[in-house]
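Written out below as structure tokens is the structure these notes cover.
FYI, it's all coordinate maths here, none of it is from the lab. The shown structure was predicted, so the numbers you read here are calculated from the model rather than taken from an experiment. A quick note on method: Cβ atoms are made from the backbone with ideal geometry, for glycine too, and the neighbour counts reach across all protein chains shown.
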Ligand SMILES: [Zn+2]
């Protein structure tokens with residue numbers, strides 16, 4: 001049995017850590033690897049039922065003090081949801097850097113905090129957002145990916161005040177759901193990013209669904225969860241597995257023999273119909289629609 005791996009998944013917002021890599025985290029936690037989730041921002045603004053949704057149609061929003069208090073309150077609600085969700089996935093080590101998610105920038109103080117955490121946690125593997133996701137400039141996920149890149153670099157050096165020795169991360173896997181999904185719009189035209197690793201998470205997709213159900217504050221529970229699991233993880237089975245998570249490796253790998261794992265060998269031995277059968281299984285989800293509830297898709301204009 002090899003030495004347990006140390007794995008860190010770093011997301012811009014509280015939900016990112018497990019909605020992008022939750023199944024993979026569960027596999028590694030179950031195997032006995034040390035898995036940590038890090039949320040860079042408190043995420044109180046992102047899709048939040050109070051801060052984002054309820055404020056959207058108001059004439060005026062509360063004054064600065066009241067709004068500040070509300071944001072703190074909602075951040076605590078989110079943190080509790082994330083801890084519950086990660087617990088379902090077997091991940092008990094969850095850290096919050098608490099950066100405000102209003103105007104997210106590549107800031108020296110955040111990089112320093114994260115680098116310190118990396119020197120402490122000493123991960124072999126980091127999973128995070130692709131640094132050029134979406135516009136690569138203002139999109140929170142892209143900025144988070146850039147912060148992580150700076151922090152990984154800085155973690156390899158000493159920082160006065162931090163007694164942990166420098167640490168080098170072995171490999172980075174970028175979340176494919178953000179960077180290599182259906183391409184649309186101007187920014188994606190320069191993309192061409194392709195997942196080169198898929199993790200078959202079919203055996204834990206019920207736990208990932210249950211984890212997503214915890215995110216009531218941002219409206220993920222229920223119909224949205226069902227749709228997202230089917231269109232995201234369902235598509236990321238790589239055409240072979242019922243559900244999967246896709247990743248883009250940062251570093252080319254060096255092997256002694258050509259890499260050819262047990263999974264590839266099994267697929268090689270399966271017939272077309274066996275592969276289609278494996279791919280087509282669907283998690284029963286307790287969320288139903290009716291034709292009566294179908295949303296309008298043919299507005300009068302446009
Ligand atoms: Zn996010």
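Results, tabulated for the structure shown:
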{"quantity": "Relative exposure of 27, 141, 164, judged by other C-beta atoms within 10 Å (fewest first)", "calculated": "164, 27, 141"}
{"quantity": "Whole-number percent relative contact order across segment 1-156, with pairs defined as alpha carbons under 8 Å at least 6 apart", "calculated": "30"}
{"quantity": "Quotient of Cα Rg and 2.2 N^0.38 Å for the chain, N being how many residues it contains", "calculated": "1.05"}
{"quantity": "Gaussian network model of the chain, Cα within-10 Å springs - most flexible of 261, 234, 178", "calculated": "261"}
{"quantity": "Compactness of segment 151-241 as Cα Rg over 2.2 N^0.38 Å, two decimals", "calculated": "1.48"}
{"quantity": "For segment 74-126, projected area of the alpha-carbon convex hull averaged over all directions, nm²", "calculated": "4.6"}
{"quantity": "The chain - share of DSSP beta bridges that are antiparallel (%, nearest 5)", "calculated": "30"}
{"quantity": "Euclidean distance between Cα centres, segment 163-206 to segment 1-22, Å", "calculated": "12"}
{"quantity": "Principal axis dimensions, segment 175-302 - Cα atoms, whole angstrom, descending", "calculated": "60, 36, 32"}
{"quantity": "Percent RCO, i.e. relative contact order, over segment 199-302, from Cα pairs under 8 Å lying at least 6 residues apart", "calculated": "29"}
{"quantity": "Spin-label zone in segment 130-167 - amide nitrogen under 15 Å from a point set 7 Å from the Cα of residue 235 along the C-beta vector", "calculated": "134"}
{"quantity": "Estimated [θ] at 222 nm from DSSP helical runs (n ≥ 4, -39500 (n - 2.57)) normalised by residues in the chain, nearest 500", "calculated": "-11000 deg cm²/dmol"}
{"quantity": "For the chain, built as a Gaussian network whose Cα springs stay under 10 Å, the top-fluctuating residue of 181, 36, 202", "calculated": "181"}
{"quantity": "Choice from 95, 108, 228 showing the highest fluctuation, given a GNM over the chain with Cα pairs closer than 10 Å", "calculated": "108"}
{"quantity": "From the C-alpha gyration tensor of segment 38-155, square roots of 5λ in Å", "calculated": "27, 18, 13"}
{"quantity": "Inter-part distance where segment 217-238 and segment 53-79 are each reduced to a Cα centre, Å", "calculated": "27"}
{"quantity": "Ranking of 281, 187 by count of other Cβ atoms within 10 Å, fewest first", "calculated": "281, 187"}
{"quantity": "Relative contact order, percent, the chain [alpha-carbon distance under 8 Å, six or more residues apart]", "calculated": "19"}
